[in-house]
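Take a look at the structure set out below.
The values are calculated or read from the model by the stated rules, or taken from the named source; none is laboratory data. In this text, all values refer to a predicted model and were calculated from it rather than measured experimentally. Here the Cβ positions follow ideal geometry from the backbone for every residue, glycine too, while neighbour counts run over all protein chains shown.
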Amino acid sequence: MAKNTPKKTTSIYLYIPNIIGYVRIFVNCYAFAQCLNDKKLFVVLYFISFVLDGLDGWCARKFNQVSTLGAVLDMVVDRVSTNSLLVILSQYYSPGLFFLAFLGLDISSHWLQMYSTFLSGKASHKDVKDSNFWLLKTYYGNRTFMAYCCIAAEVFYLILYFIANNQPNSLIDVMINAVRHNSLVRFPLILSMIGWATKQIINVIQIKTSADACVLYDINRKQKP
Amino acid sequence: MAKNTPKKITSIYLYIPNIIGYIRIFVNCYAFARCLNNKKLFVLLYFISFVLDGLDGWCARKFNQVSTLGAVLDMVVDRVSTNSLLVILSQYYSPGLFFLAFLGLDISSHWLQMYSTFLSGKASHKDVKDSNYWLLKTYYGNRTFMAYCCIAAEVFYLILYYIANNQPNSLIDVMINAVKHNSLVRFPLILSMIGWATKQIINVIQIKTSADACVLYDINRKQKP
């Protein structure tokens, strides 16, 4: 019978990567508290949170402090920060329902993906050995490509946040205007949009593959004697 | 080896409760496409989605068509519809960050809860046998109380949506005004707010209990020879 001494429970909460996770939460809370007032500060804080995200994974491996709590913390902070940024964008840009739709896609695809990862007993949703979709295999097979798509999606949202005015503006108009007249933003905007679009297509594919996994799980279960 | 014939896979996708789930998705998409233009229609469609949510569970039991896909579908549609309504409310009311905070709480608590349910191998996150928190035991032990809190939270958001003006208004002002002058809305608003507040407290408690479950999972795993 496991001895769950209070000290053991405390020590996982105090793992260095998990403390970094708590710091990320505070950084994000402060960032969003200031996001309507100070755009430069928000972008800096969001970037810091991003760096800490990589740092806590590195620390976990370096100090042998990998934990389930740390993995979940990472996932939740990622989801809430990206989705909160989408909420802000839906206020800055019209049609507001555009960003609402991608909020729905983000929540659906990640939720289904996590569920099906658990069902199939995989260590991580990043273990995709066999897939009918070449894009998915490329995404998970090539870590640079995956990193590009993930980072690009965040950068795309951050650029749109930064160049927005205070009143709702047409998203198309603002983007066309930026590409034509804003030489600093032009190429980052286009490059990040390509990565963002790729990530959204992958999100859609993963809804399908995760739903299939849920269905296959039931079929396999029924066939066991 | 399991025979996963395409016919078997298709048949789970065509289960009656899952078809009801797809209808719920369309009803919600149409509702949010219209939510800024036609408030009565939105409330009606949201209510229809709510009824269908109960109906698909009933159908699953009645036709013996319970499926993992159906359970996940339900969860995802619930989360996306509630969170989308919070996005709309963050546009109607100031401070917009108020509803953003509850969006974060909703995503965090449900995500952690689902994760810890999987880790502990429970059939459903609604199986809470032992808990240090009387509120949690009451919530899961008394289905009427649970239903009241869940329904109240949705009704609270719907009422706030319905009585909102087009420009951002102070949430406090609108609520005080409604309680003082709007006799139709007064008691539903107060009653639903109490249930909503209770549900939010429960969400916070569940973040704590789920995090504990993640930590205990690692501790127990390490102690196995």
* Only one residue in B:Lys199, B:Lys224, B:Lys208, B:Lys180 is surrounded by 15 or more Cβ atoms within 10 Å (Cβ to Cβ), basic (Lys, Arg) and either over 22 Å from B:Ser84 (Cα atoms) or at pLDDT 90 or above (or both). Which one? -> B:Lys199
* Give region B:170-217 a look and list any residue that's among the acidic types (Asp, Glu) and within 14 Å of another protein chain (Cβ to nearest Cβ), or say none. => B:Asp212
* Asked: Tell me, which residue of region B:1-50 that is assigned to a helix (DSSP H, G or I) and of a type in the set (Gly, Ala, Ser) is surrounded by the fewest Cβ atoms within 10 Å (Cβ to Cβ)?
  -> B:Ser11
* Residues of region A:48-61 that turn out to be among the aromatic types (Phe, Trp, Tyr) and without any contact (Cβ under 8 Å) to a residue 60 or more places away in the chain, as a count -> 1
* To do: Look through region B:58-74, keep the residues that are surrounded by fewer than 19 Cβ atoms within 10 Å (Cβ to Cβ) and touching a helix residue (DSSP H, G or I) at 6+ places or on another chain (Cβ under 7 Å), and return whichever of them is nearest to B:Trp196 (Cα to Cα).
  => B:Val66
